[in-house]
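*Asks:* This is the structure I want to talk about, given as structure tokens.
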Amino acid sequence: MNGYRCIACAETQTADFSGFVCPSCGNNLEITYDYAAIREDSLRGFDYAPFLPVSRLDAPFPLKIGRTPLIAAPRLGESLGLRRLFLKDETSNPSASTKDRATAVTLRRAMDIGAKVVAVASTGNAGSSLACLAAALGLRAVVFVPESAPVAKLTQALSFGATVLAVRGTYDDAFDLCLTAADEFGWFNRSTGYNPYTREGKKTCAYEIWEDLGRRVPDRVVVPTGDGNLLSGMWKGWCDLQAVGLIDRLPRIDCVQSEASAAICHAVRQLRENANTEPDWSNVVIDEVTATTVADSISVNRPRDGLAAVKSIFQSGGEAITVPDAEILAAIPEIARSSGVFAEPAAAAPWAAVKQMARQKKIEEDELVVCVVSGSGLKDIANVATVAGTALTVEPTIEAVGKIFAR
Ligand SMILES: Cc1ncc(COP(=O)(O)O)c(C=O)c1O
Ligand SMILES: [Zn+2]
């Protein structure tokens with residue numbers, strides 16, 4: 001790592017900069033690397049360490065972060081004629097979502113700078129992730145969530161011993177409150193996007209997809225999107241690989257949002273209507289929406305890594321896809337029944353988006369497509385139950401079972 005660069009105005013900071021956002025314009029920062037130096041090392045064998053901005057990577061993390069399975073989903077793909085569909089199953093992370101990647105890197109950073117209390121604003125998953133990993137490392141966690149967060153996510157955070165503040169308001173209110181409280185009390189703020197280290201954790205997902213595909217680049221990676229940090233991280237991972245000469249082409253990164261929470265997709269469409277050339281990023285404004293989606297993880301009024309996400313979609317040539325909530329929910333049992341992977345609503349959205357792209361003939365049958373299944377269905381049983389079907393009640397006799405199967 002050799003410094004920071006503003007996503008909007010491109011102003012740079014040196015590696016010893018201790019802030020979180022651009023001192024000139026307030027936008028998010030991107031961490032920069034000396035790729036020429038990494039290039040030398042990478043020729044010997046691929047290793048994440050030179051691509052991460054933290055020390056202590058030699059000390060193994062007490063929990064297994066990342067290294068999640070890439071699962072071929074031929075029966076799911078078959079329904080659309082797709083022969084090369086894969087699911088990146090992030091549900092096997094310690095707190096059951098992709099957030100653990102970002103938390104692991106941010107907590108290494110927190111330890112590098114001697115922080116004892118770590119805080120986060122979260123729709124639920126980042127909070128349960130922070131609580132989980134902080135418990136593993138012996139740090140104190142404070143979690144700000146909207147009061148409406150699913151009970152499983154709250155229960156995880158509480159079980160791991162975090163102080164959980166259920167904010168009477170939206171995720172956006174929780175975010176602003178966490179920011180103020182972290183400043184006031186000197187806590188390390190892990191909040192997504194605002195903390196530039198979160199993107200660095202998320203990008204490791206791209207490295208793994210590349211390795212698990214036998215060092216091949218997929219045509220598309222389809223990413224469920226709220227704040228846009230998972231998406232901008234995913235793009236950065238591929239860009240890193242290209243910058244050191246390990247790959248010679250980049251995938252499209254497709255952004256999936258619920259129609260009922262689509263600030264990033266709206267911004268991309270607006271930009272593409274106005275121009276196909278790269279805009280002046282310091283002038284791009286992302287309009288706020290009023291999010292009402294059932295997919296709580298991607299329910300965001302004001303995306304906190306929105307500009308980086310819009311830029312990533314634009315540069316990768318990815319689609320900006322909005323899907324109705326009903327299609328997101330319907331995708332959960334479809335994925336589960338044909339692949340054995342259990343997704344929460346946000347994590348099922350990429351499959352709903354692939355179906356929409358296929359209907360609109362935006363996707364070819366031989367494309368290599370990876371859907372990021374970012375969180376487990378166990379995290380939001382109330383919503384998943386609405387599409388799971390119902391159990392058949394039966395008397396404890398073989399005759400009663402026989403009657404059911406005779407039907
Ligand atoms: C399961 C899941 N999927 C997708 C996302 C979207 O990530 P981002 O908010 O960085 O766009 C989140 C974020 O909370 C999540 O928890
Ligand atoms: Zn700036």
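The values are calculated or read from the model by the stated rules, or taken from the named source; none is laboratory data. This structure is a prediction, so every number in the text was calculated from the model and none was measured. Methodologically, a virtual Cβ is constructed for each residue, glycine included, from the backbone with ideal geometry; neighbour enumeration extends over all protein chains shown. Each accessible area value is taken on the protein alone, full model and side chains, heavy atoms only, with ligands, DNA and RNA left out. Shrake-Rupley method; radii C 1.70, N 1.55, O 1.52, S 1.80 Å.
*Asks:* Name, by its number, the condition in (1) within 25 Å of ILE363 (Cβ to Cβ); (2) out of contact with any Asp or Glu (no Cβ under 8 Å at 6 or more places or on another chain) that does not hold for GLY318.
*Replies:* Unmet for GLY318, out of (1) within 25 Å of ILE363 (Cβ to Cβ); (2) out of contact with any Asp or Glu (no Cβ under 8 Å at 6 or more places or on another chain): (2).
*Asks:* For the range 232-265, give me each residue that is open to solvent by 10 Å² or more (accessible area, probe 1.4 Å) and either without any contact (Cβ under 8 Å) to a residue 24 or more places away in the chain or among the acidic types (Asp, Glu) (or both).
*Replies:* Passing the criteria: CYS239, GLN242, ASP248, GLU259.
*Asks:* What tally of residues in the range 83-98 results from selecting those that are surrounded by 22 or more Cβ atoms within 10 Å (Cβ to Cβ) and in contact (Cβ under 8 Å) with a residue 60 or more places away in the chain?
*Replies:* Looking only at that region, the number is 11.
*Asks:* Here's a follow-up. Within the range 267-286, work out how many residues are exposed (fewer than 13 other Cβ atoms within 10 Å of the Cβ) and closer than 16 Å to ASN27 by Cβ. So that I can check it myself, show each step before the final result.
*Replies:* Step one: of the range 267-286, the residues exposed (fewer than 13 other Cβ atoms within 10 Å of the Cβ) are 273-278, 280, 283, 285.
Retained after the next criterion (residues that are closer than 16 Å to ASN27 by Cβ): 280, 283, 285.
Total satisfying the criteria: 3.
*Asks:* For the range 349-376, give me each residue that is under 30 Å from GLN156 (Cα atoms) and free of Cβ contacts under 8 Å to residues at least 40 places away in the same chain.
*Replies:* Of all residues in the range 349-376, those under 30 Å from GLN156 (Cα atoms) come to 349-353, 370-376.
The answer is none; no residue qualifies.
*Asks:* Quickly run through the range 1-16 and pick out the residues that are away from ligand 2 (no atom under 11 Å from the Cβ) and either of a type in the set (S, T, N, Q) or open to solvent by 40 Å² or more (accessible area, probe 1.4 Å) (or both). Quick ask: steps written out before the conclusion?
*Replies:* Filtering the range 1-16 for residues away from ligand 2 (no atom under 11 Å from the Cβ) gives 1-3, 14-16.
Of everything in the range 1-16, those that are away from ligand 2 (no atom under 11 Å from the Cβ) and either of a type in the set (S, T, N, Q) or open to solvent by 40 Å² or more (accessible area, probe 1.4 Å) (or both) turn out to be MET1, ASN2, THR14, ALA15, ASP16.
*Asks:* Then there's this: Among the residues of the range 265-296, what is the count of those that are in a helix (DSSP H, G or I) and either modelled with pLDDT under 95 or farther than 21 Å from ASP219 by Cβ (or both)? Full working, then the answer.
*Replies:* At the first step, the residues of the range 265-296 found to be in a helix (DSSP H, G or I) are 265-274, 281-283, 296.
Within this subset, residues satisfying the condition of being either modelled with pLDDT under 95 or farther than 21 Å from ASP219 by Cβ (or both) are 266-267, 269-274, 281-283, 296.
Number of matching residues: 12.
*Asks:* Quick check: is even one residue across the range 26-34 surrounded by 14 or more Cβ atoms within 10 Å (Cβ to Cβ), assigned to a loop (DSSP other than H, G, I, E, B) and within 16 Å of ligand 2 (Cβ to nearest atom)?
*Replies:* Kept after step one, since they are surrounded by 14 or more Cβ atoms within 10 Å (Cβ to Cβ), are these residues of the range 26-34: 27-33.
Restricting the remaining residues to those that are assigned to a loop (DSSP other than H, G, I, E, B) gives 27, 33.
With within 16 Å of ligand 2 (Cβ to nearest atom) added as a condition, the list becomes 27.
Scanning the range 26-34, I find at least one residue that is surrounded by 14 or more Cβ atoms within 10 Å (Cβ to Cβ), assigned to a loop (DSSP other than H, G, I, E, B) and within 16 Å of ligand 2 (Cβ to nearest atom), so the answer is yes.
*Asks:* Tally time: how many residues in the range 168-193 are open to solvent by 10 Å² or more (accessible area, probe 1.4 Å) and in a loop (DSSP other than H, G, I, E, B)?
*Replies:* 5
*Asks:* Another question about this same structure. Would you please name the residue that is surrounded by the fewest Cβ atoms within 10 Å (Cβ to Cβ), looking only at residues in the range 303-358 that are within 16 Å of ligand 2 (Cβ to nearest atom) and hydrophobic (A, V, I, L, M, F, W, C)? Walk me through it before giving the result.
*Replies:* So in the range 303-358, the residues within 16 Å of ligand 2 (Cβ to nearest atom) come out as 304-308, 310-311.
Those still in the list that are hydrophobic (A, V, I, L, M, F, W, C) too: 307-308, 310.
Values: LEU307: 24, ALA308: 28, VAL310: 29.
Result: LEU307.
*Asks:* What pairs can you find where one residue is in the range 1-24 and of a type in the set (S, T, N, Q), the other is within 12 Å of ligand 2 (Cβ to nearest atom), and their Cβ atoms are less than 6 Å apart, with a gap of 6+ or different chains?
*Replies:* THR12/ARG5; GLN13/TYR4; SER24/CYS9; SER24/GLU11
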